[in-house]
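Input: a single structure, listed below in structure tokens.
The values are calculated or read from the model by the stated rules, or taken from the named source; none is laboratory data. Just so it is clear, the structure is predicted and the values come from calculations on it, not from any experiment. Methodologically, a virtual Cβ is constructed for each residue, glycine included, from the backbone with ideal geometry; neighbour enumeration extends over all protein chains shown. All accessible areas refer to the heavy atoms of the entire protein, side chains included, with ligands and DNA or RNA removed. Shrake-Rupley method; radii C 1.70, N 1.55, O 1.52, S 1.80 Å.
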Amino acid sequence: MTGDVRGSPLARTLLGAYLALVAYASLHPFSGWRGHGASPLGFLEAPWPRYVTGFDLAANVAAYVPLGALGVLALVPRLRGAAAALVAVIGAALVSAAVEAAQSYLPSRIPSIADLACNVA
């Protein structure tokens with residue numbers, strides 16, 4: 001097969017913009033950062049949160065659906081179908097884990113395995 005395999009620059013641009021939006025929304029407010037001596041990935045070993053609302057779960061799922069969709073579109077034509085979906089899910093999981101880890105340094109935010117699970121779903 002010959003030809004250009006660049007894919008959609010619009011999809012890649014929108015993916016980058018949406019990643020910035022997810023980071024902004026997840027790490028706001030950008031003040032009060034402090035270390036607490038624990039591992040930023042400690043939330044992975046923590047028990048499921050005692051208080052989880054349906055709204056929180058739905059909001060986490062809804063926030064990451066566009067990220068996954070844009071990830072798939074940004075991968076075409078290099079990857080298609082299940083391969084593109086798998087790479088997009090793995091990418092979203094890594095983004096979510098990084099955001100949750102960063103939230104451990106913000107006293108107003110609470111990193112949670114429930115958030116990570118919903119974001120990957």
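Figures for the structure shown
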| read-out | value |
| --- | --- |
| Listed residues Pro107, Pro40, Pro66, most fluctuating in the chain (Gaussian network, C-alpha, under 10 Å) | Pro107 |
| Per residue accessible area in Å² of the chain, where ligands, DNA and RNA are left out and the probe is 1.4 Å | 63 Å² |
| Surrounding net charge for Ala63, when Lys and Arg each add one and Asp and Glu each subtract one, Cβ distance under 15 Å | -2 |
| Surface share of carbon and sulfur [accessible, 1.4 angstrom probe, percent] for the chain | 70 percent |
| The range 23-67: C-alpha gyration tensor shape, a/c 1.5 cut-off, then a/b vs b/c | oblate |
| Under the span-like rule (Cα at least 24 Å along the axis, Kyte-Doolittle mean at least 1.6), DSSP H helices of the chain | 81-103 |
| Per principal axis, descending, Cα span of the chain in whole Å | 54, 27, 25 |
| 3J(HN,Hα) from dihedral phi, the range 30-35, Karplus parametrisation 6.51/-1.76/1.60, rounded to Hz, x for glycine, proline | 8, 9, x, 4, 7, x |
